[in-house]
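First the structure, in the form of C-alpha cells, and then the observations on it.
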Amino acid sequence: MMEDGLFRSNLYVFMSVAEEGSFSAAGRKLHVTQASVSQQIDKLEDSLRFKLFDRASYRPVLTEAGRYFYEKCARLDALYRGIAQTARRKADTCGRLLRIGITGPIEQKHLPDIVQSYRVLFPQVLTDIRLCTFAEGITGLEQHVLDAAFGLTNDFRNRKTLQCFPLTRHTISVVCSKKHPFAVKRNITGKELAGQPIISLFGFSDTAFFDDYLKSFEKDGVKPNIVRETDNLEELILAVKLNQGIVLLAPEVIPEDTELCSIPVTGSHHHVDFCIGISKTNQKPYLLPFVRQVQTYFADLKA
C-alpha cells in the first residue's frame, strides 16, 4: 500500500490497522502514538456512522462492514497506484514527445531527413507530426498543443508569446496551365502580373503574410486581380489546370504535374520567408536541440 499524501489520513490509518493487526503496530508503522491511531479511527467511524472494528477482544477485529470497507479501500488503493504509475509514464512520454505542425510539401520533403538525423542524437525522443494550416500552427503553439510549427515568418509578427527561427527565403514562381499565354515564357516580371486573374488559398487573406503579399504587388506597381480563393492546395492546383487563373507559389510547393507550367518571377518584390516557431514558455529540454537541427539542415542546403 502506498504511503502517499492522499492516504495520510484517517483512511490510511484504518488500512494500516487492518493490515498490521493492532493499533500499536499501526502506530509504529505510521510513527504516531497508539492513542493517536485510536482517535483517528474513532473520527473515521463517526464520519462513516458504522463500526469498523470490534474492540472487545485483545486485538481489534474487523466487523463485517469493516471488512467490506477494507476490501473496497484496498481495491481503490491498487487502482490509485495503477493510475499514478500510468500517469507518470505519460508524463515521462510527454516530456520526450515533440508535437510538430507542418503545412505542406516543403516539410514533407525535408522533415524525414531532419527527424532521422535528430534521432541519431536523441533516440529517446518521439515525434508526432501533424498536418495543419499556417493559422492552425500559430494557434497550436499559443494553446500549447504543438511544440513546434513550420510557417511563414510574417505570421509570427507581433506574436509576443512565440519565437520564430528563420530557415530559408524562397523566390516566387507563377503556376499556370499549359493553355495560358504565360506557358511559353521562360520568366515573368512582376509588372506582367497586372490584370491577370489570380487564385489564392481560402483563409490566406487574414494572415500577416497576405498583407505583405499585397504590399509586394504595390511595390511592383501592380494592382492584384484576385478572382478566387480555394480551400486547399489540391483545389488550388485544379483551378489552375482548368485555366481559371494563375497562382504565385514557392517553387518547392509546386507539385510535379505535366499539365502545369512553372515560370520564375523576376524583378519582383515577391518572396516567401519560411521559418519554424515555438512558444517562448515551452520548457521541453529536447525542443531547442530539434530547432537547431532544423536550422543546421536548411543552412546546409544553402551551402
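The values are calculated or read from the model by the stated rules, or taken from the named source; none is laboratory data. What you are looking at is a predicted structure, and each value in this text was computed from that prediction instead of being measured. Positions of Cβ are generated from backbone atoms using ideal geometry, with glycine treated the same way; all protein chains shown enter the neighbour counts. Keep in mind that these areas ignore ligands, DNA and RNA; they rest on the heavy atoms of the full protein, side chains included. Shrake-Rupley method; radii C 1.70, N 1.55, O 1.52, S 1.80 Å.
Things to note:
- Sorting His110, His271 on solvent-accessible area from highest to lowest, probe radius 1.4 Å, gives His271, His110.
- Efficiency of FRET between Glu229 and Arg75 - r from beta-carbon atoms, R0 51 angstrom, step 0.05: 0.30
- Label point 7 Å beyond Cα of Ser9 along Cβ direction - residues of region 22-47 with amide nitrogen under 19 Å: 30, 37-47
- Counting DSSP beta bridges with both ends in region 1-142, the antiparallel % (nearest 5): 25 percent
- Taking each DSSP H run with n ≥ 4 as -39500 (n - 2.57) and averaging over every residue of the chain yields -14000 deg cm²/dmol at 222 nm.
- Lysines whose Cα lies under 20 Å from that of Lys302, excluding same-chain neighbours fewer than 8 positions away: Lys109
- Using C-alpha pairs under 8 Å with a sequence gap of at least 6, the mean separation divided by the residue count of region 66-218 gives a relative contact order of 20 percent.
- Calculated FRET value between Tyr58 and Leu121, using beta carbons and R₀ = 51 Å, to 0.05: 0.20
- Longest to shortest principal axis, alpha-carbon extents of the chain, angstrom: 104, 39, 35
- Long-range lysine pairs (8 or more apart or interchain), region 118-229, Cα under 22 Å: 7
- Cα centre as origin, Lys/Arg/Asp/Glu Cβ charges: the chain dipole, Debye: 600 debye
- Calculated accessible area for the chain comes out at 56 Å² per residue, all protein chains present (probe 1.4 Å; ligands, DNA, RNA ignored).
- Tensor-based shape of region 21-167 (alpha-carbon gyration tensor, a/c under 1.5 rounded, otherwise prolate or oblate): prolate
- Working from label points 7 Å from Cα in the Cα-to-Cβ sense, the Lys109 to Glu218 distance is 3.1 nm.
- Paired Rg and Dmax values of region 102-169, which use every Cα atom, in angstrom: 12.6, 35
- Residues listed by number, region 276-294, amide nitrogen under 13 Å from Ala87 label point at 7 Å toward C-beta: none
- Per-residue extension of 0.36 nm, minus the Cα-Cα distance of Thr258 and Thr296, leaves a gain of 10.3 nm for this segment.
- Of all lysines in the structure, those lying under 28 Å Cα to Cα from Lys51, and not within fewer than 8 positions of it along the same chain, are Lys29, Lys43, Lys72.
- Distance (nanometres) between label positions extended 7 Å along Cα→Cβ at Thr281 and Asp42: 4.9 nm
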